[in-house]
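Have a look at the structure below before the remarks.
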Amino acid sequence: MSSINQRSKFTVNLDTFEISIRGMHFEIPGSDSVVVYDHEGKTKAENGNRVPMVGKYKAHSMHARTLHAGQKLLIEGSPFASRYGQNVYTSRQCLRGCRIAIKRVIKIFAIDAPEHLVEKWMSGDIDIERIDLAVNFRLGSEAEVLDVLKQVKRQLIEQHGPTRTNGTSVWWEPQNGTRYSIMFYAKGQQIRHTMSARKNKLPQREMLLKECENILRIEVRLRRSELKLLGLDKASAWGKDTAEMLFESYFSKLKLLKITSGMVSADERRDLPPAMLKALAIHKAGMDLSDFYSEATCRKQRNYFRKLGVDLRVPNQTEGSITSLGEYLSSEKVIAEPPEWMNDEGIVPKKSPTVPIAKDREVTKLLKKNRRF
């Protein structure tokens with residue numbers, strides 16, 4: 001993990017938030033409610049239905065609803081996308097996004113909150129139920145993006161923890177995603193689909209589509225249970241580099257190793273001990289090691305190659321296949337800044353003062369303490 005005094009190699013864009021606030025009785029005009037009764041007919045819960053807040057250019061709507069008979073207000077959506085009309089490049093500042101969302105819901109639904117309570121929310125007394133951290137990787141072409149996703153899918157399916165796919169997109173969901181999940185997808189494909197379906201009115205639509213066509217996007221989704229474990233379930237706990245440190249911590253633990261391709265090479269014949277060379281030859285011939293060796297021996301062989309950075313769990317690939325994902329998902333591929341035309345058009349957040357670095361020292365301690373994945 002990067003030192004707090006060193007800029008992270010990942011530039012993170014905060015996308016979807018789920019946040020909640022308390023302190024008064026909330027009402028959303030026009031919202032229906034669902035009342036849950038227990039077996040004795042007593043009211044068990046009363047929650048309002050979600051009400052949309054349409055975003056800029058009629059895209060990226062946020063939603064608000066009341067919970068616990070109006071004692072809690074939940075806001076869902078992407079605050080930066082709703083304000084600027086796009087979610088490709090946003091901001092790494094959690095509190096800034098929360099403030100946008102709360103100001104919006106207060107204005108749209110004319111919530112008459114006491115000034116002291118608004119100040120309390122604006123200072124960070126906001127519960128974070130979920131937050132998505134996204135990093136954009138610039139690859140050579142859209143075809144290359146799809147090839148990398150295919151290889152990611154192959155490797156993650158072989159790892160511990162459920163893997164879910166939909167088209168070219170891949171989700172890795174340890175514990176069924178109840179605490180966190182990591183998603184890989186082609187931003188170009190995704191944005192073409194959503195813009196078509198929503199009839200997005202963004203004036204720079206075609207330019208944005210062109211910008212995204214060769215972007216591979218990785219998102220780390222953190223839910224409240226994980227955020228609470230890390231001490232980051234309040235917006236006030238986030239520092240200026242918290243988003244980057246979180247993404248780097250989770251991404252670094254993904255075991256995306258090299259995989260094999262083609263026939264046994266001269267270098268492999270020279271460098272490998274006979275027993276491991278034989279195992280590699282069987283693997284590269286497309287046969288299962290378990291047909292030749294005991295479970296214990298197979299485990300020993302896989303561990304040996306894992307130390308070399310090679311994953312024998314994934315079938316051998318044909319020559320010319322992508323075999324080293326590290327080359328495509330490296331820090332050199334990360335997009336650090338939005339293109340200048342997006343700044344000129346005013347559709348990306350401007351840089352603003354950051355919060356004290358002391359908060360990031362606390363985050364660093366928590367991440368080191370909770371190294372499990």
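The values are calculated or read from the model by the stated rules, or taken from the named source; none is laboratory data. These numbers were taken from a predicted model, which means no experiment stands behind them. When we count neighbours, we look across all protein chains shown, and the Cβ atoms used for this are built from the backbone with ideal geometry, even at glycine.
Points to keep in mind about this one:
- Being outside the structural domain of residue 163 (by TED's automatic domain parsing) and among the charged types (D, E, K, R) holds for only one residue in 271, 241, and it is 271.
Residues checked against (1) at pLDDT below 95; (2) more than 21 Å from residue 338 (Cβ to Cβ):
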{"residue": "67", "(1), (2)": "yes, yes"}
{"residue": "73", "(1), (2)": "no, yes"}
{"residue": "96", "(1), (2)": "no, no"}
{"residue": "102", "(1), (2)": "no, yes"}
{"residue": "117", "(1), (2)": "no, yes"}
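- Flag for residue 207 being over 18 Å from residue 10 (Cα atoms) and either buried (at least 17 other Cβ atoms within 10 Å of the Cβ) or touching an Asp or Glu at 6+ places or on another chain (Cβ under 9 Å) (or both): yes
For every residue, the table says whether it meets (1) within 19 Å of the chain's Cα centre (by Cα); (2) without any contact (Cβ under 8 Å) to a residue 40 or more places away in the chain; (3) in a loop (DSSP other than H, G, I, E, B).
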| position | (1), (2), (3) |
| --- | --- |
| 137 | yes, no, no |
| 146 | yes, no, no |
| 149 | yes, no, no |
| 154 | no, no, no |
| 176 | yes, yes, no |
| 191 | yes, no, no |
| 202 | no, no, yes |
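- Per-region count, the stretch 1-55, residues at pLDDT 90 or above, of a type in the set (Lys, Arg) and within 26 Å of residue 220 (Cβ to Cβ): 1
- When the test is whether a residue is outside any loop (DSSP other than H, G, I, E, B), surrounded by fewer than 18 Cβ atoms within 10 Å (Cβ to Cβ) and assigned by TED's automatic domain parsing to the domain that holds residue 194, residue 40 does not pass it.
- Cβ-Cβ under 8 Å pairs, at least 6 apart or on other chains, the stretch 47-67 side at positive phi and assigned by TED's automatic domain parsing to the domain that holds residue 204, far side part of a strand (DSSP E or B) and buried (at least 19 other Cβ atoms within 10 Å of the Cβ): 60/77
- For residue 112, the test of being acidic (Asp, Glu) and more than 24 Å from residue 12 (Cα to Cα) is passed.
- Answer residue from the stretch 92-117, given it is free of Cβ contacts under 8 Å to residues at least 60 places away in the same chain and buried (at least 18 other Cβ atoms within 10 Å of the Cβ) and is nearest to residue 237 (Cα to Cα) among those: 99
- Restricted to helices (runs of 4 or more DSSP H) entirely inside the stretch 317-373, those with at least 3 residues that are surrounded by fewer than 17 Cβ atoms within 10 Å (Cβ to Cβ), at pLDDT 65 or above and not polar (S, T, N, Q) are 340-345.
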